[in-house]
Amino acid sequence: MIGNSYADTYQASLANAEEFWLGAAAGISWATFPHRALDAERAPLYGWFPDGTLNTAYNALDRHVEAGRGSQDALIYDSAMTGARRTYSYADLTGLVADFAGVLRDRGVGKGDRVVIYMPMIPEAVIAMLATARLGAVHSVVFGGFAPKELAARIRDAGPVLVVTASGGVEPARRVEYLPAVAEALTLAGVPGLPVIVKARDGFASTAADHGWLDWDGQMEGARPAAPVEVAATDPLYILYTSGTTGTPKGVVRDNGGYAVALEWTLRNIYGAGPGDVMWTASDVGWVVGHSYIVYGPLLAGATTVLYEGKPVGTPDAGAFWRVIRDHGVNVLFTAPTALRAIRKADPELALLRGYDISSLRTLFTAGERLDTDTFHWAARSLGVPVVDHWWQTETGWAICANPRGLEELPIKAGSPGVPMPGFRLAIVDGMGADVGPGVEGNIVLGLPLPPGTLTTLWGNDERFVSSYLQAFEGRYATGDSGYKDSDGYVYVMGRTDDIINVAGHRLSTGAMEQVIGRHPAVAECAVIGLADPLKGQRPSGYVVLKSGVDLPEDVLAAELVAMVRQDIGAVADFKHVMVVEALPKTRSGKILRKTMRQIADGGEYSVPSTIEDAGVIDQLLGTLRPRNAEPGKGG
Ligand code: COA
Ligand code: AMP
């Protein structure tokens, strides 16, 4: 079933990694072309292209202008929230990025300095990222749906010299004021005086002047453009925080050279796109998908990227995606399955598609969570284009498994994100690290080294990098996902093996939510689990045991806990369901049996480990949790 092009390419990437990746490196313009691909000197911390130097923003912008394609569209901004639309050519975007880099430089930002970017989906977010990269500085973008405490945790860890933000974000039901949140975060992080640059937007109450901060437009007026700064391929390009199993987010570090090489390769070989093509990734710049395929990937390959500020439904209706595809001639669409499910729920027969010619669309890619087979069949049937699930993580930066459409159009199997991509030595192993056979589910692990473009470490914390990912299975990276391979080598990703859940394609830590809930004075102990949800994939659900003697109505407690999680983590956690239980099931060593609870609540088969402390708790839970199944995902 698997053809020669893919099989040969994959084999070549493993058998002769040096030749393979140095060949791929030719897709990038280097200041110094690397002589070596892999740097194994600090194994198990690997580096790529150790003697190469380049600038990633130059590769994303200037080099296309120098190649005579300055008038080609680079970025199309389309806001369903405000009605704004703007198109930037490569020449326009290069100029704006050089100017903003000049502003940053004049504010003291230099090579290696960190810049935190907390912005909604507006072009200035992309400009700020690329301007930071132009200076050889390191950006850390924080998703706008996170609360001040989460922003503060990232500021504390990254230690930025400056923050770039905007007046706020526009959600369907409300405007989200960013500036008070930034002020609170700076205070919480202990750096209230840090310089902040604010892109002003209409319709928000708080302004830069209110806080004594700098105005983006004012700064840009007299800007003196900055030239790209040459950096080592191994220097960091960005830090992107993602949920770990504890409340402390992990700062995934991405390098410059490996990332540029890998992404440029993926545009051509996975997405089948290049100069003249329009790629629309309907995500947010605050997530890895946004970093790789709204910003860096399409621009490195000289394609056009669409930046969409809006939702799949309700802005104004479930035809929004088809309108954007038609208006901008989108060739490749990349979205999350939850967005397709939202459209399907609102418009099951796709009546709203009829008004739009979407014949430009060649392929629909999905990621962020498993593409369930029902949604897969519905989308493939209704849209008439290949629907390609592919699996990756913030840590990997690009797809571990995919169907590389530009290389070879492999058969698509419903329920599978495809086959391993170059450099990923994927294996399925049992708890002891022994390989299991086809069809047997186990831990998905990746042999070291990981290919270029994947994380190089966690920011300032090599030990946590090693202990989180490299210790459980000797010589391999633990993905934290479980799954199996079929006899054709297709991989099936079934779920996480840890306490991370996926809500509407957003990765969240149940441990972080438990930390917040555990602070409530009435709560003795608690567990948060992710229950199956027909729209969002999973939804967090909290189970609390009250301290003895507490007499608080359940609905009052629930409202307080919901407000606390929203306040501390953010609206995006979507934490809305709380249930008081008499006890939580635990092993004799005190470990809460979250998996058993999830199985009971989801109404599936459940397994109770023999080490359970008190089997009677399961009977109580069966009585308490099972009734929810009448309305899965309804929440509280
Ligand atoms: N800034 C501030 N708040 C935000 C936000 C942002 N950038 N993004 C989401 N929120 C808020 C929402 O307003 C909502 O708040 P509410 O509880 O007051 O209503 C809450 O966070 C949950 O938002 P969301 O998960 O977007 O749910 P929804 O019900 O508003 O919309 C979908 C459901 C399916 C339409 C939406 O989740 C979606 O478009 N998902 C695609 C996800 C995606 O692209 N993921 C990227 C990974 S590839
Ligand atoms: P994030 O780091 O936010 O991209 O989330 C990564 C996690 O999302 C993975 O470890 C998986 O659990 C899940 N995930 C992402 N894409 C897929 C997919 N295509 N199929 C199954 N799970 C996915």
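Annotation: extensible slack from GLU177 through TYR356 equals 61.0 nm (criterion: 0.36 nm per residue apart, minus Cα-Cα distance).
Mind giving me the FRET efficiency for PHE33 and GLU560? R0 is 56 Å, r the Cβ-Cβ distance, nearest 0.05 is fine. Provide the component values of the computation, followed by the final result.
Details: r = 60 Å, r/R0 = 1.07.
Calculated value: 0.40.
Label sites at ASN461 and THR245, each approximated as a point 7 angstrom past Cα along Cα to Cβ, lie 1.4 nm apart. With q set to 0.11, 0.12 Å⁻¹, the log10 of I(q)/I(0) for the chain, from the Debye formula over equal scatterers at the Cα positions, is -1.13, -1.36.
With only the Cα atoms considered, the stretch 155-207 has a convex hull volume of 84 Å³ per residue. Cross-link partners of LYS413 among lysines, defined as those whose alpha carbon lies under 21 angstrom from its own and excluding same-chain residues fewer than eight positions apart: LYS485. The distance between label points at ARG42 and SER610 comes to 4.6 nm (points 7 Å beyond Cα on the Cα→Cβ vector). Using a 7 Å offset from Cα along Cα-Cβ at ASP210, what residues in the stretch 164-181 end up with backbone N under 14 Å from the label point? Residues passing the 14 Å test: 166-169, 175-181.
Comparing Cα centroids, the stretch 599-625 and the stretch 99-134 end up 51 angstrom apart. Proximity of backbone amide H atoms, modeled 1.01 Å from N, is registered between THR497 and ASP481, SER482 at under 5 Å, excluding neighbours fewer than 5 places apart on the same chain. Each Lys and Arg Cβ is given +1 and each Asp and Glu Cβ -1; about its Cα centre, the chain then shows a dipole of about 440 debye.
In order along the stretch 420-427, the phi-based Karplus estimate (6.51 cos²θ - 1.76 cosθ + 1.60, θ = phi - 60°) of 3J(HN,Hα) comes to x, 8, x, x, 8, 8, 7, 9 Hz; Gly and Pro are listed as x. Using a/c under 1.5 as the rounded threshold, could you call the stretch 104-165 rounded, prolate or oblate? The axes a ≥ b ≥ c are square roots of the C-alpha gyration tensor eigenvalues, and prolate needs a/b larger than b/c, oblate otherwise. Because a/c hits 1.5 or more and a/b fails to exceed b/c, the stretch 104-165 counts as oblate. Peptides 165-173, 443-451, 544-552 ordered by packing proxy, namely the average of other Cβ atoms within 10 Å per residue, highest first: 443-451, 165-173, 544-552. Karplus-based coupling profile of the stretch 183-194, in residue order and whole Hz: 4, 5, 5, 5, 5, 4, 7, x, 10, x, x, 4, with θ = phi - 60° in 6.51 cos²θ - 1.76 cosθ + 1.60 and x standing for Gly or Pro. Between the stretch 380-437 and the stretch 1-74, the alpha-carbon centres lie 21 Å apart. Taking label points 7 Å from Cα along the Cα-to-Cβ direction, VAL385 and ASP8 give a separation of 2.9 nm. When +1 charges are put on Lys and Arg Cβ atoms and -1 charges on Asp and Glu Cβ atoms, the dipole computed for the stretch 500-625 relative to its Cα centre reaches about 480 debye. Cβ-to-Cβ counts within 10 Å put GLU554, GLU395 in ascending order as GLU554, GLU395, the fewest first.
Can you find, among ASN502, ALA527, PHE575, the residue farthest towards the positive end of the dipole of the stretch 500-625? Put +1 on the C-beta of Lys and Arg, -1 on that of Asp and Glu. Value: ASN502.
Would you work out if the stretch 500-625 is rounded, prolate or oblate? Take a ≥ b ≥ c from the square roots of the eigenvalues of the alpha-carbon gyration tensor; rounded if a/c is under 1.5, else prolate when a/b is larger than b/c, oblate otherwise. Intermediate values should be presented prior to the final figure.
On the way: a/c = 1.76, a/b = 1.15, b/c = 1.54.
The shape class here is oblate.
State which entries of LYS250/LYS345; LYS149/LYS576; LYS311/LYS547 exceed 31 angstrom in Cα-Cα distance in the structure shown.
The answer is LYS250/LYS345; LYS311/LYS547.
List the residues of the stretch 217-234 whose backbone N lies under 15 Å from a point placed 7 Å from the Cα of GLU66 along the Cα-to-Cβ direction. 227-231, by backbone N distance to the label point. Only four residue types carry charge here, +1 at the Cβ of Lys and Arg and -1 at the Cβ of Asp and Glu. Report the dipole size of the stretch 63-102 about the Cα centre in Debye, rounded to the nearest 20. The calculated dipole for the stretch 63-102 is roughly 60 debye.
Sorted by mean Cβ packing within 10 Å, highest first, what order do the peptides 286-297, 326-337 take? Mind dumping the intermediate values first?
Values: 286-297: 25.9, 326-337: 21.8.
My ranking of the peptides, most packed first, is 286-297, 326-337.
For ARG107, no residue has an amide H sitting under 5 Å from its own, ignoring neighbours fewer than 5 places away on the same chain, with H placed 1.01 Å from N. Less than 5 angstrom separates the built amide H of THR281 from those of VAL306, PHE334, all sequence-distant by 5 or more or on a different chain. Sequentially through the stretch 269-274, phi angles give Karplus couplings (6.51, -1.76, 1.60; θ = phi - 60°) of 8, 8, 8, x, 10, x Hz, Gly and Pro residues having no value and appearing as x.
FYI, it's all coordinate maths here, none of it is from the lab. Every value quoted in this text rests on a predicted model; they were computed, and no experiment measured them. Backbone-built Cβ (ideal geometry, glycine too); neighbour counts: all protein chains shown.
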